[in-house]
Amino acid sequence: MNISGYDIEVKDNKKQRSLKYDENGKRLTIDDLNETEYKMFLHNEIDRTLPMNFVKEDNDQTLHFNTENYASLWERLEYDEFRFEDFYHLIVEICNTLRRSGNNLLNIEKYCISEESIFVGEGYYDIKLMYMPLRRFEKDESTEDELKRLIFNVSKRISDMDREDYINLCQYLKHPNFSIENIKNHLLDIKDSGISLQGDVPHGSSDKFKVERIRTMPPLNRKEKLYSSLIAIVLLAVIWSQMPLGSNILLGTAFLLTVGVAGTLYVYWKKWRPGVEPVVVEKKVRKKVKKSAVEAEELENDHRTKMSDALRAMDYDAFISANQIVQTKDDSDFTEGDVYAVPGETSSKQESTDGEGRETADEVESFELTDKTTLLEDEDDEELKRNVRLEQGKAKDFLVPFDGKNDIGEAVSILGENFLIGRSREESDHHVDDSNVSRKHAMLIKNDDCYSFKDIGSVNGSKINEADLVPYKLYELKPDDVITLGGLSFRYRVKEV
């Protein structure tokens, strides 16, 4: 099992993966581990991330990834039927895990995103990702590019996805505004539309149907259905038990009465009930179209089918380097004369690319930072290390300076998923000018509607309500808890909404 150049040893019982050597075949040592990430895994079970055991022999270090009760995504896809609902849960959980990596001081680029390094439990909503807590860890692709490759490869296996949605999803992978956050919204749009997942609407044919308003009786509740069904059964039992069946006439009469009881039951359920008014509902019905329109639709469907088949036949590298999908005139040969742009392309002409087939920088739209928190290694761009705010409105959580008896000073608003407190002006969300406070002292992390507190290896430590804290361990805060950093104290306040 090879992950980004690292040979991962798989045990015979498949309950454990082990990493012993670096990409050059050299034994790992404690010095190869990132100290902060090592302590995070040592003291915390990180959500949606494979748990790790660190085994040291002399100066050699081995990482054991615990995969018990989990199978790799590659194995699951080989044996499971893969539906769009499964695909949606899988990608959303991966995106959530990556987006929250900053909550645990992890680097998003050290997650491995592939069929072999993602592990699935009971369902595709229960996943574990493999993380490499190494000081130096390089991959051939960025994590975002790995996610694109995974989506392209895995989406081919979806059994119930509309062809048009599949083509648009593939094309979106090449859009310059693709991001980990935006792909979740794109999949949610497909999921909420319901068109591609409804069995009564054929592939790519939503425009063949129209919505009509019809009058019908409101549905019966379970008790009404049960009672009406029991009455019908009793009547049928009386008819067939009491009716003498000695002649064909009497037998025919029994059948007619049976039909009458069934018809009455149908009318009561669907058409008329004493004292009950019918309701108006919307129903999809097929449009009546002319023969020429039907032929045009069939040609369009055939065109999309060939485009979808061409996409499924391509590997990811060929897909990324190609700006267009070639449509075939027959099932076996591609003809360079017949080229059709995939929906979403602005032109059928080839876009300007560099020597490796990538779009030039001048033609790629500028992107905007979303509500993600990303740890970056570039020391020349310190400003990008700041936490990107989730909320720009008024805060409801505050830190109020506290002298042991009373609140003093101005309240500090807490905004965002991560809120860093420290002596560093450039990196902290709240700067504290105190020599007893470390440059990066502690972090508040948002969990649902409240915040938790974590000391991130400060020199002088932290306290909550005078109790010493274990570094890197997460502590849930309650209103009026007193947080102490060095010689300073704050009271945690929550504003009622």
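The values are calculated or read from the model by the stated rules, or taken from the named source; none is laboratory data. These numbers were taken from a predicted model, which means no experiment stands behind them. Note that each Cβ is placed from the backbone with ideal geometry, even for glycine, and that neighbours are counted across all protein chains shown. Calculation scope for accessible area: heavy atoms of the full protein, side chains included, ligands and nucleic acids excluded. Shrake-Rupley method; radii C 1.70, N 1.55, O 1.52, S 1.80 Å.
Among the conditions (1) open to solvent by 30 Å² or more (accessible area, probe 1.4 Å); (2) in contact with a Ser or Thr (Cβ under 9 Å, 6 or more places away or on another chain); (3) at pLDDT 85 or above, the only one that His203 does not satisfy is (3).
Going by the conditions given, is Lys128 in contact with a Pro (Cβ under 9 Å, 6 or more places away or on another chain) and at pLDDT below 85? No.
Of a type in the set (A, V, I, L, M, F, W, C) and buried (at least 21 other Cβ atoms within 10 Å of the Cβ): does that describe Phe137? Please lay out each step first, then the result.
Values: of a type in the set (A, V, I, L, M, F, W, C): yes; buried (at least 21 other Cβ atoms within 10 Å of the Cβ): no.
No: the conditions fail for Phe137.
Give Val412, Val497, Val432 a once-over and let me know the one that is under 28 Å from Arg99 (Cα atoms), at pLDDT below 85 and aliphatic (A, V, I, L, M). Exactly one of Val412, Val497, Val432 is under 28 Å from Arg99 (Cα atoms), at pLDDT below 85 and aliphatic (A, V, I, L, M), namely Val497.
One line per residue, one yes/no per condition, for (1) open to solvent by less than 70 Å² (accessible area, probe 1.4 Å); (2) under 20 Å from Lys405 (Cα atoms); (3) basic (Lys, Arg); (4) modelled with pLDDT under 90:
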site: Lys473; (1), (2), (3), (4): no, no, yes, yes
site: Lys478; (1), (2), (3), (4): no, yes, yes, no
site: Ile483; (1), (2), (3), (4): yes, yes, no, no
site: Phe490; (1), (2), (3), (4): yes, yes, no, no
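Looking at the range 250-277, which of its residues are hydrophobic (A, V, I, L, M, F, W, C) and at pLDDT 80 or above? Don't jump to the end; show me each part of the working.
Looking only at the range 250-277, we keep the residues that are hydrophobic (A, V, I, L, M, F, W, C), and these are 250-251, 254-257, 259, 261-262, 265, 267, 269, 272, 276.
Correct list: Leu251, Ala254, Phe255, Leu256, Leu257, Val259, Val261, Ala262, Leu265, Val267, Trp269, Trp272.
Listed conditions (1) open to solvent by 10 Å² or more (accessible area, probe 1.4 Å); (2) farther than 14 Å from Lys128 by Cβ; (3) under 19 Å from the mean Cα position of the chain (by Cα); (4) not polar (S, T, N, Q) are all met by Asp60, apart from (3). Only residues that are open to solvent by less than 80 Å² (accessible area, probe 1.4 Å) and under 12 Å from Trp269 (Cβ atoms) were counted in the range 222-249, giving 4. When the helices (runs of 4 or more DSSP H) confined to the range 10-124 are screened for residues that are farther than 30 Å from Ile158 by Cα, those reaching at least 1 such residues are found at 35-43. For the range 140-167, the set of residues classified as open to solvent by 30 Å² or more (accessible area, probe 1.4 Å), polar (S, T, N, Q) and closer than 19 Å to Asp80 by Cβ consists of Asn153, Ser159, listed by residue number. On inspection, Asn24 qualifies as surrounded by fewer than 18 Cβ atoms within 10 Å (Cβ to Cβ) and over 30 Å from Tyr475 (Cβ atoms).
Sort out for me the strands (runs of 3 or more DSSP E) sitting completely within the range 409-497 that have 2 or more residues that are of a type outside the set (A, V, I, L, M) and farther than 27 Å from Glu35 by Cα.
Details: elements: 412-414, 418-422, 442-447, 450-455, 462-464, 482-485, 488-494.
Result: 488-494.
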